[in-house]
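> Have a look at the structure that comes next, please.
The values are calculated or read from the model by the stated rules, or taken from the named source; none is laboratory data. None of these values were measured; they are calculated from a predicted model. Cβ placement follows ideal geometry from the backbone for every residue including glycine, while neighbour counts extend to all protein chains displayed.
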Protein chains: 2
Amino acid sequence: MVSQAEYDIVFYEAFEEEQELLRKLVPEHLKARFTAQTIQEAKEKGVPAKLISIRTQSKIPYEWNSDLDGILSRSTGYDHLTSYRQKTGGEVALGYLPLYCARAVAEQAMLMTLALLRKFKKQTTSFDSFSRNGLTGGECQDKKLFVVGVGNIGCEVVDIAKGLRMKVAGFDIKEKVASLEYTELKTGLAWADIVVCALPFTKVTDKMLNYDAMKMLKEGALFVNIARGEIAPLADLKRLLDEGILGGIGLDVFEKEKTIAAALRNKIEQDDEAVKIINELKTKENVILTPHNAFNTLEAVEQKAEQTIEAVAMFLTQGKFPNHIPEEQYA
Amino acid sequence: MVSQAEYDIVFYEAFEEEQELLRKLVPEHLKARFTAQTIQEAKEKGVPAKLISIRTQSKIPYEWNSDLDGILSRSTGYDHLTSYRQKTGGEVALGYLPLYCARAVAEQAMLMTLALLRKFKKQTTSFDSFSRNGLTGGECQDKKLFVVGVGNIGCEVVDIAKGLRMKVAGFDIKEKVASLEYTELKTGLAWADIVVCALPFTKVTDKMLNYDAMKMLKEGALFVNIARGEIAPLADLKRLLDEGILGGIGLDVFEKEKTIAAALRNKIEQDDEAVKIINELKTKENVILTPHNAFNTLEAVEQKAEQTIEAVAMFLTQGKFPNHIPEEQYA
């Protein structure tokens, strides 16, 4: 069947801006197809190419397994790829793009940190009455920042925080990080003025920053999550805020994010507990919420297109991706 | 009359939090009086001390001139002191506190810069519909920041911007600054992605960043003012925004700030042009307004109290202030 594949590569889920960049960068000799649709929406009759590229919304048909050589997900997360491998047990090469938006996400994390420190939400709403009551904030110089998860994004957070003259410590599930004081989770949480979560979501990190872990924070500490909502459950965050353990929260990611997004987009009343908490949190002056947008810079969108084409070129010449899912990786 | 002065020093306009800190720090042997009132509100019958300390709201009676040794304004601005000297021609020593809030103001300027780059106002309002349309922002790494006014605050802006890996150039009315590429105003404005105004307000800087100066900006440049509103008139900023020359504006200070503050506090319709412009600007997604609050951090409030007591101690022993108004300073 493979010999009948019509294209060298098909790009699914490539939205307008990304598609434009990909078309510009793809080598002329390649037969490439571009679509904004998912595999399901495209209603494919068979495998259109030995190499396909998706984002996170396509469900890769299990029956394509034997005809595919490689799947490149143009995303930093790759749960969907490991899940596919677990289901098929196949040997399709699986690639992803871990680096395209590390700086964008880190800058958003630090913007949220500064905004919480300076009571920025209240500053801007207080403009309407030109009042300065309750607006005394904190400076980031010399504040203690604990970076939980010092991978690609966490390292950029560390870099920015040092530039802002903060004191920085870090924890990671994988390895001790050079050029940074490595700190156990409990120790770091007790030490921190601010905690930034930049962990990957795995079985190990699921609910890692729950109430029991975070209750050892200093009173009034700040928490920012730009990683995955499931790591710090919403009910726990709300309790920590209600009890004054947390003094402010900045979230770009959410537990049960699809449910919350659907409820907000469609303005429907939801009986879901997470949705209820979000509706309460978003009215608070010391809570800043953004719609999973930390990745979204022009630089990141451009880098993503470039890295996609590089990964495609490497795969077609060397049969492997610059960044591939290791076999032992859990979902 | 001087020998009859009842106190060693009287602190006017010392609000609750500041007064508490000052009382804690003032040497026990000094006869000090503290009040939240201005000189006018306190209805003084005569000069209560040879050394008085005010902020910016008291009108110093001209007839006190011959009985005063020194006036310490607990503020970074000192227009009111130079104006007093011009009116009285007297030799009263005039002190101020240039340094207490430099980092606080600079951090606010950079917070505004990051917020404008990342469309943060729109990001947070878009959370209500969990929509990411039109939220693609810019990263600060490698952006060109032009710091107009490289004094105490401007130098801190430069430090933070370098920590954020921005490209930085600076202009000042006074002197060329070491460790920074000094750039002429026109050259810098044409080069910049972002302009931060940190100039002092003087006859020379009045309206310095008007339409004619700023029209040479690149399309979509960002402008942040944490200095004085009069340096960048509101009508000019609005025109630059309307014409797309400015892509975003962050203001903590305002031309005709007292009029604007009064209109906003009292929710009164104002026929004033500045108030009208502000009411229009504050609805825009790419305009961030804060109520002259850049100075307002706990660190700055504490430093102000410490520096006040140091200045008082120095004046009482050496007859001069650590930071005094030079004779040639213009209002």
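> Can you name the residue in segment B:180-221 that is touching a Gly at 6+ places or on another chain (Cβ under 7 Å) and among the small types (G, A, S) and is also surrounded by the most Cβ atoms within 10 Å (Cβ to Cβ) among such residues?
For segment B:180-221, the residue satisfying everything is B:A198.
> Still on this structure: Restricting attention to segment A:195-213, does a residue exist that is within 14 Å of chain B (Cβ to nearest Cβ), on the phi > 0 side of the Ramachandran plot and not in a helix (DSSP H, G or I)?
Pass one, segment A:195-213, residues within 14 Å of chain B (Cβ to nearest Cβ): none.
No, there is no match, as no residue in segment A:195-213 is within 14 Å of chain B (Cβ to nearest Cβ), on the phi > 0 side of the Ramachandran plot and not in a helix (DSSP H, G or I).
> Wholly within segment A:72-149, which helices (runs of 4 or more DSSP H) include no fewer than the required count, namely at least 1 residues that are not assigned by TED's automatic domain parsing to the domain that holds A:R55?
Where helices (runs of 4 or more DSSP H) fall fully within segment A:72-149 and carry at least 1 residues being not assigned by TED's automatic domain parsing to the domain that holds A:R55, they are A:102-117, A:120-126.
> Still on this structure, I have one more. Please work out which one of (1) facing chain A (nearest Cβ under 10 Å); (2) surrounded by fewer than 19 Cβ atoms within 10 Å (Cβ to Cβ); (3) in contact (Cβ under 8 Å) with a residue 40 or more places away in the chain; (4) not polar (S, T, N, Q) is the condition B:K282 fails and give its number.
(3)
> Just to be sure, is A:A294 in contact (Cβ under 8 Å) with a residue 24 or more places away in the chain, outside the structural domain of A:G90 (by TED's automatic domain parsing) and part of a loop (DSSP other than H, G, I, E, B)?
Answer is yes for this residue.
> Which condition number does B:P27 fail, the rest of (1) surrounded by 15 or more Cβ atoms within 10 Å (Cβ to Cβ); (2) modelled with pLDDT of 90 or more being met?
Unmet for B:P27, out of (1) surrounded by 15 or more Cβ atoms within 10 Å (Cβ to Cβ); (2) modelled with pLDDT of 90 or more: (1).
Condition check ((1) part of a loop (DSSP other than H, G, I, E, B); (2) of a type in the set (G, A, S); (3) over 30 Å from B:G70 (Cβ atoms)) across all residues:
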residue: B:L264; (1), (2), (3): no, no, yes
residue: B:A274; (1), (2), (3): no, yes, yes
residue: B:E285; (1), (2), (3): yes, no, yes
residue: B:V301; (1), (2), (3): no, no, no
residue: B:T308; (1), (2), (3): no, no, no
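> Next question. Here is a check on your reading of the model: is A:K276 within 14 Å of another protein chain (Cβ to nearest Cβ), of a type in the set (K, R) and closer than 29 Å to B:D128 by Cβ?
No.
> Still on this model: How many of the residues making up segment A:32-53 are at pLDDT 95 or above and closer than 16 Å to A:Q19 by Cβ?
Result for segment A:32-53: 5.
> Out of all the residues in segment B:254-262, is one or more over 17 Å from B:A109 (Cα atoms), among the polar types (S, T, N, Q) and in a loop (DSSP other than H, G, I, E, B)?
No, segment B:254-262 has no match at all.
> While we're looking at this one, here's another question. Please enumerate the residues belonging to segment B:308-331 that are under 28 Å from A:F130 (Cβ atoms) and at pLDDT 95 or above.
Once the filter is applied, which keeps residues that are under 28 Å from A:F130 (Cβ atoms) and at pLDDT 95 or above, segment B:308-331 yields only B:T308.
> Among the residues of segment A:280-331, which ones are among the small types (G, A, S) and under 27 Å from A:I249 (Cβ atoms)?
Passing the criteria: A:A294, A:A300.
> What do you reckon, is A:G247 over 23 Å from the mean Cα position of the chain (by Cα) and not hydrophobic (A, V, I, L, M, F, W, C)?
Criteria met by A:G247.
> Out of A:A115, A:A102, A:A106, I need the residue that is within 7 Å of chain B (Cβ to nearest Cβ) and either over 16 Å from A:N293 (Cα atoms) or in contact with a helix residue (DSSP H, G or I) (Cβ under 8 Å, 6 or more places away or on another chain) (or both). Which one?
Working: A:A102 fails: within 7 Å of chain B (Cβ to nearest Cβ); A:A106 fails: within 7 Å of chain B (Cβ to nearest Cβ).
Result of the check over A:A115, A:A102, A:A106: A:A115.
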